[in-house]
Amino acid sequence: MSLVISSEKFSGLCTTKPVARAGLLALTALLLWVRPLAAEPAALGPSQYADEPQLLAWLWQHSPSVVAARADADLAGAAVVQAGLWQNPQLDAMWGTIPIGQTTPAGLSNSLGKVSNLGMGLSQQFEPGKRPARKALAQSSVELARMNARDVLNGEFFGLLEAIGRVALTQVRQASFEALVTTSSELLELQRARAGKGDVAGVDVTRAEVEHQRLLAQWSGLDRQLVDALAGCAALVGTSCQPFADSAAARTWLQEQHAVELPSEWSESVANRRSDIVVLQAQAEQARRLGALADTKRIPDVSARLGYLWDNFVISGNQQQSISLGVGVSLPVLDAGQADHFASRATLDRTRTLRAAIEASSKQAFAGAVRRLQSGKAREQALDDAIARAAKVVEVMNDMHRRGAISLTELILARQAWRSIVLERLDLEENAFDAVLVARRSTAALPRWSPP
């Protein structure tokens, strides 16, 4: 539903009577409010798979893990507000000098009203030097929670790329098996036709059927793998995922992953852009601010009190109304921030150790992935040549088998050799995608995108 108002009508609307104008404006607001918003896609598909910034934006809004991490960051903001507040003042009241037994002087009538006093006081505690340090610590918690949310987002993004890659690799494998099954079906039909004419024995037909059923079983198993891959994708994005239109589209997406720019070598700048290392840096900063807050605990807290007293015992010469002022100082002799200092030092030591471990493992993983990609390129070319030659050999031997020049056993062996090369090529393509994913994950090769 939408509403269009011309400039003439809007001018007339503004010059009508106030009551009518208010009613029309309310109607306009209602119609604009009920206009449907732009609908988000009910499922992620290949068009979204090719747009990595859009994938990050979707995960930021819909991934269960990311949404939970974002909620933690929002909750951490409440601690900043709390850290900036003063402690609540304290109001106290007192009824004192309640006489028991003989009064002084003796014999006072209505002794309770003439001797007792009523008092009340208002006290406030002050923490010199602590509120700024406490606010800085709370702000570091917010920054840490935000960095943690971004780290969860990055982890979910690479997990989503892996899930999409499984979908693409499965569809590519399905297409290859479909070609194998088609040629196997043609051979089986040929054997059955020749058996009907008495040219081949029935056992040859049975062997061809067994080989064909074996291929069909492997092909049908890929359907379950595709369902599992789509389910893994859906678990990450919070909605359903669609397969690629065909194996060509799936292969195009895989090739685009190989085209992502990677750093030439490991460096300090590469390490600093990893979100888990950024989280460790935020933890270290939080630990330093905790140590700064611990230092302020050596400063005594000061409490001030303003009191008022109404004294009924004026017969003794007491002042009937009086005000008292008091100051109290805490003595930081037992708790002077020792525990916070210990926690700060332990956290700093832990972050240094973890950073060194993450950098070492990531550097090694990146180097290994690069070597896998470099060695895989030569193998890919060799296998592509071998597949073309093996297919030609199978084609020639298939023709020879039709003419009775070779046995079915020789043809089946040639076909099995061709199939093994095809499957090896598929495995190599999967290994290459895994290597690209490892290289991207270890170097935080992410698209440019900032949370809204």
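Would you be able to tell me the number of residues in the range 421-451 that are under 17 Å from the mean Cα position of the chain (by Cα) and free of Cβ contacts under 8 Å to residues at least 24 places away in the same chain? Of the residues in that region, 1 qualify.
Of the residues examined, residue 136 is one that is surrounded by 12 or more Cβ atoms within 10 Å (Cβ to Cβ), out of contact with any Asp or Glu (no Cβ under 9 Å at 6 or more places or on another chain) and either assigned to a helix (DSSP H, G or I) or among the small types (Gly, Ala, Ser) (or both).
Looking only at residues in the range 287-341 that are polar (S, T, N, Q), part of a strand (DSSP E or B) and in contact (Cβ under 8 Å) with a residue 40 or more places away in the chain, the one that is surrounded by the fewest Cβ atoms within 10 Å (Cβ to Cβ) is 324. Given the criteria touching a residue at least 12 places away in the same chain (Cβ under 8 Å), more than 29 Å from residue 362 (Cα to Cα), in a helix (DSSP H, G or I) and of a type in the set (S, T, N, Q), does residue 213 qualify? In short, no.
Where a number appears in this text, it was derived from the coordinates with a stated rule and is not lab data. Keep in mind that what you see is a predicted model, and the values were worked out from it rather than measured. Glycine gets a Cβ as well: all are built from the backbone with ideal geometry, and neighbour counts include every protein chain shown.
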